[in-house]
Each structure stands twice: as C-alpha cells, then as structure tokens.
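Student: One structure, pasted below without further comment.
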Amino acid sequence: MHHRPTPPTAAATPAPRPRVLAGDRPTGPLHLGHYFGTLQNRVRLQHTGVDLFLVIADYQVLTDRDVAERPAEHAENLVLDYLAAGIDPERATVFTHSAVPALNQLLLPFLSLVSVAELSRNPTVKDEIAHSRQAAVSGLMFSYPVHQAADILFCKADLVPVGQDQIPHLELTRTIARRFNDRYRTDLLPQPEPLLSAAPLLLGTDGTKMSKSRGNAVPLGATEDETARLIRAATTDADRHITYDPARRPGVSALVDLAAHCSGRDPHAVAEQIGPGGAARLKATVTEAVNEHLRPLRTRRAELAADRGHLRAVLAAGNRRANAVADATLAEVRAVMGSV
Ligand code: TRP
C-alpha cells in the first residue's frame, strides 16, 4: 500500500508572518505625496496580516543638520499621522531609532563589512551631499546607510517597501547581510527584498515633486481652509482651457492629478469636465476633492491629537517590542562573532 507521509509540524506551527519594515525621517508633518506614495500601501500591507515595523529615523535627521529641532514632538506627530492614516498600533510596531541602543551596537560590526569607497559611491548619499546647505559633510552622512541596514536587519525583515532613491541603501543592506553570513559562516541574516512602490509620483502645487522643503505640499493635517489657500496659490499657466498634459502643462496637470487621485477618477476625464472653466474652476475642484477625501482621516487625526498620552504610549509600546527583537538579534550576532 502506498504510504503518504504527512508533514508532522504543518498543523502545529503556522507559517511565520512575513516581516515588513518601512520608515521615515521625522522632519515634519506627512503630506499627500507620502499618503498616496507610501502610507496607503503600508496600511494595505498591514491588512494582509504581515508583521509591520515602522521606524521613525530620528538619527538620520542629523545627517545634514547640526541639531534635530524638537525631535520628540516630530516623532509623536509622525505617530499621529500614521494612526490617522490607518496604521493599527495593535498590529504594527512603531519605534524610534534613538530608543533602540542595540541598533548602534549592530552598526559597528556592519561598518567593518563595507569599504569607504563603497560608502562614498552611494548615489543617494552623493545627491544629499549635493543638496545639503552645510559647509562640511558629517561622517554620519556616509555611515547612515549602514545604520539603516541595522534598522532593517535587526528584525530580519523579508520586505522593505521603498521608493527608487532608497534602492542603493537596500542593496547595501543585502551586501552586509551576505558578507556577515560569509565571514562568520552562518545563515543568521536574511537578505531583504525591496518592494518598489509603483505609485506614480504625486507632484506638488508648483508641478515639481511634492516635498515639505519646497513649500508645495498639502499636509494631511492641514485644515480645509489651509488646504484651499495652498491650492489657490498653486502654479497654473496662461491657457484658460484646462487639459491634462503632464509634459507640456506640469502645473495644471499636477492639480488635475491631485483631484483624480482623491476622487478615484481618470485625470483626462477630470480635465475634460473642467475644460473652459479655467484655473479657478480647477482649483475649486481640487480643493473639494482633497478635503472630501481627507475628511475621515482628519476627523480621526483631530481625535488622536487631543490625547498626546496615547501617542506616547503607542511609541513606548513599539519601542519596547523593537528593543526586545533587537536585543535578541544582537545576542545572536555576538554569539556567531564569538564575542559573548
Ligand atoms: N532613509 C529613509 C528616508 O530618508 C528613512 C529610513 C530609515 C528607512 N530607515 C529605513 C526606510 C529603513 C526604509 C527602511 O526616507
């Protein structure tokens, strides 16, 4: 008779949840570009049941400035934007760099695995140096991608959702994991895969990349009046008839895209409907679409903002879990290095 073996552990041990790690620098409030570019995707991932870690990268803020302004307040406000957007603190672990000392202890052996030449070749770092307004480039500017590798490897993340600019950092993380395993003859550190966000780049109110520092962003937490004012100040052009033509009409098309994203419609249809209504009609349409789309998020945000104690408690719980995971990984790293 044919005997069919049954895997003995299949029923007893469920497959481990995939770990996903994402993060942001706490430099200011999150805006619509973050929302459509990454936040929505993180919330979707959370709902698929992955074990989601969100790092508030407060040490990275020090790469191109001397001091981080009000870091604790910025971190709490980031938690506020996360929760308002639908991150569930019961399911996701939100933590700050500065609260997890084991990350710094992982940094040292990881630094020994990469050359100075590799660090200075990193295109994202080069770009940041080119745009930095500081007279001198700090050592952290070159080494923060290695610290970022610790952000990712401490929890043995399987997936890291990122934009294109973070790909060099993820490649470095994979290199560090591989070299660590080779040098210490172990398979301790997995090589995480990037999950490149396919979301189209959402442009700001001047037709260039939406960014807080360019003053062209609509913050998630803005009031409806502030939103109207920001959009009224947006750059359009001399042609009264509204069309969707991103190459030739970046300002007008960025506004059409905003309305289209917020109302879930096709940008060509949005432009066609406005047509001869001109820039004034376009701006009114965008303002209404943005305010309507964000209304539930903003209502939740206002409720959450009234309870700073809750935000701090969410962060404290996240920091506790991140520390437990990081301490465990550090113990394993030290064991394979023979430093126990
Ligand atoms: N470097 C990222 C940024 O500038 C933030 C970040 C820090 C990050 N640690 C991370 C992103 C780990 C992904 C994974 O936005």
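The values are calculated or read from the model by the stated rules, or taken from the named source; none is laboratory data. Quick caveat, the model's predicted, so the values are computed rather than measured. We place every Cβ from the backbone using ideal geometry, glycine too, and count neighbours over all the protein chains shown. SASA here: full protein model, heavy atoms, side chains in, ligands and nucleic acids out. Shrake-Rupley method; radii C 1.70, N 1.55, O 1.52, S 1.80 Å.
Student: Taking the stated definitions as given, is residue 243 open to solvent by less than 50 Å² (accessible area, probe 1.4 Å), at pLDDT 95 or above and over 27 Å from the mean Cα position of the chain (by Cα)? Give the steps one after another, and end with the answer.
Tutor: Numbers: open to solvent by less than 50 Å² (accessible area, probe 1.4 Å): no; at pLDDT 95 or above: yes; over 27 Å from the mean Cα position of the chain (by Cα): yes.
When the stated conditions are applied, residue 243 does not pass them.
Yes/no matrix, rows are residues, columns are (1) open to solvent by less than 30 Å² (accessible area, probe 1.4 Å); (2) modelled with pLDDT of 95 or more; (3) in contact with a strand residue (DSSP E or B) (Cβ under 6 Å, 6 or more places away or on another chain):
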site: 4; (1), (2), (3): no, no, no
site: 7; (1), (2), (3): no, no, no
site: 17; (1), (2), (3): no, no, yes
site: 38; (1), (2), (3): no, no, no
site: 53; (1), (2), (3): yes, yes, yes
site: 62; (1), (2), (3): no, no, no
site: 75; (1), (2), (3): yes, yes, yes
site: 80; (1), (2), (3): yes, yes, no
site: 84; (1), (2), (3): yes, yes, no
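Student: Pairs please, first residue from the stretch 18-44 and within 21 Å of residue 61 (Cβ to Cβ) and in contact (Cβ under 8 Å) with a residue 40 or more places away in the chain, second anywhere and more than 11 Å from the ligand (Cβ to nearest atom) and among the β-branched types (Val, Ile, Thr), Cβ atoms under 7 Å, 6+ apart in sequence or on different chains.
Tutor: 31/218; 42/87
Student: Can you give me the number of residues within the stretch 259-311 that are among the basic types (Lys, Arg) and assigned to a loop (DSSP other than H, G, I, E, B)? Give the steps one after another, and end with the answer.
Tutor: Going through the stretch 259-311, the residues among the basic types (Lys, Arg) turn out to be 265, 281, 283, 295, 298, 300-301, 308.
Next cut, assigned to a loop (DSSP other than H, G, I, E, B) only: 265.
Summing the residues that are among the basic types (Lys, Arg) and assigned to a loop (DSSP other than H, G, I, E, B) in the stretch 259-311 gives 1.
Student: Name the residues in the stretch 45-90 that are among the hydrophobic types (A, V, I, L, M, F, W, C), part of a helix (DSSP H, G or I) and touching a residue at least 24 places away in the same chain (Cβ under 8 Å), would you? Before you say what the answer is, go through the steps one by one.
Tutor: Step one: of the stretch 45-90, the residues among the hydrophobic types (A, V, I, L, M, F, W, C) are 45, 50, 52-57, 61-62, 67-68, 72, 75, 78-80, 83-85, 87.
Imposing the further condition that a residue be part of a helix (DSSP H, G or I) reduces the set to 45, 61-62, 72, 75, 78-80, 83-85.
45, 61, 62, 75, 78, 79, 80, 83, 84, 85 - these are the residues of the stretch 45-90 that are among the hydrophobic types (A, V, I, L, M, F, W, C), part of a helix (DSSP H, G or I) and touching a residue at least 24 places away in the same chain (Cβ under 8 Å).
Student: Regarding the stretch 173-187, can at least one residue be identified that is out of contact with any Leu (no Cβ under 9 Å at 6 or more places or on another chain), open to solvent by less than 70 Å² (accessible area, probe 1.4 Å), polar (S, T, N, Q) and not assigned by TED's automatic domain parsing to the domain that holds residue 262? Show your work before the answer.
Tutor: Step one: of the stretch 173-187, the residues out of contact with any Leu (no Cβ under 9 Å at 6 or more places or on another chain) are 174, 182, 184-187.
From what is left, the residues that are open to solvent by less than 70 Å² (accessible area, probe 1.4 Å) are 174, 184, 186.
If we keep only those that are polar (S, T, N, Q) as well, we get 186.
Of the ones still in play, those that are also not assigned by TED's automatic domain parsing to the domain that holds residue 262 are 186.
Among the residues of the stretch 173-187, at least one is out of contact with any Leu (no Cβ under 9 Å at 6 or more places or on another chain), open to solvent by less than 70 Å² (accessible area, probe 1.4 Å), polar (S, T, N, Q) and not assigned by TED's automatic domain parsing to the domain that holds residue 262, which makes the answer yes.
Student: Something else now. Between 129, 152, which is out of contact with any Lys or Arg (no Cβ under 8 Å at 6 or more places or on another chain) and crowded, with 20+ Cβ neighbours inside 10 Å?
Tutor: Numbers: 129 fails: crowded, with 20+ Cβ neighbours inside 10 Å.
152 is the lone residue from the list that is out of contact with any Lys or Arg (no Cβ under 8 Å at 6 or more places or on another chain) and crowded, with 20+ Cβ neighbours inside 10 Å.
Student: Considering each residue of the stretch 172-196, count those that are under 21 Å from residue 42 (Cα atoms) and acidic (Asp, Glu), and give that number.
Tutor: Residues of the stretch 172-196 that are under 21 Å from residue 42 (Cα atoms), as a first pass: 173, 191-196.
Filter once more, keeping what is acidic (Asp, Glu): 193.
Qualifying residue count for the region: 1.
Student: So, in the stretch 155-173, how many residues would count as being aliphatic (A, V, I, L, M), more than 9 Å from the ligand (Cβ to nearest atom) and under 16 Å from the mean Cα position of the chain (by Cα)?
Tutor: First pass over the stretch 155-173, keeping only residues aliphatic (A, V, I, L, M): 157, 159-160, 162, 167, 170, 172.
Add one more test, that the residue is more than 9 Å from the ligand (Cβ to nearest atom), and what stays is 159, 167, 172.
Adding the requirement that they be under 16 Å from the mean Cα position of the chain (by Cα) leaves 159, 167.
Residues meeting the conditions: 2.
Student: Go through the stretch 86-98 and count every residue that is open to solvent by less than 10 Å² (accessible area, probe 1.4 Å) and more than 20 Å from residue 38 (Cβ to Cβ).
Tutor: Selection size over the stretch 86-98: 0.
Student: Can you tell me which residue is most open to solvent (accessible area, probe 1.4 Å) among those in the stretch 159-172 that are of a type outside the set (Val, Ile, Thr) and outside any helix (DSSP H, G or I)?
Tutor: The initial filter retains those residues of the stretch 159-172 that are of a type outside the set (Val, Ile, Thr), namely 159, 161, 163-166, 168-172.
Still in the running and outside any helix (DSSP H, G or I): 159, 161, 163.
Numbers: 159: 48, 161: 22, 163: 23 Å².
The selected residue is 159.
Student: Does the stretch 269-282 contain at least one residue that is surrounded by 21 or more Cβ atoms within 10 Å (Cβ to Cβ), closer than 19 Å to residue 210 by Cβ and in the same structural domain as residue 223 (by TED's automatic domain parsing)? Lay out the reasoning, then the answer.
Tutor: Step one: list which residues in the stretch 269-282 are surrounded by 21 or more Cβ atoms within 10 Å (Cβ to Cβ), which gives 270-271, 274, 282.
Now narrow it down to the ones that are closer than 19 Å to residue 210 by Cβ: 270, 282.
From what's left, in the same structural domain as residue 223 (by TED's automatic domain parsing): 270, 282.
Yes, that holds for at least one residue.
Student: Another one. Could you tell me which residue of the stretch 22-72 is farthest from residue 160 (Cα to Cα), considering only residues that are within 13 Å of the ligand (Cβ to nearest atom) and among the acidic types (Asp, Glu)?
Tutor: 64
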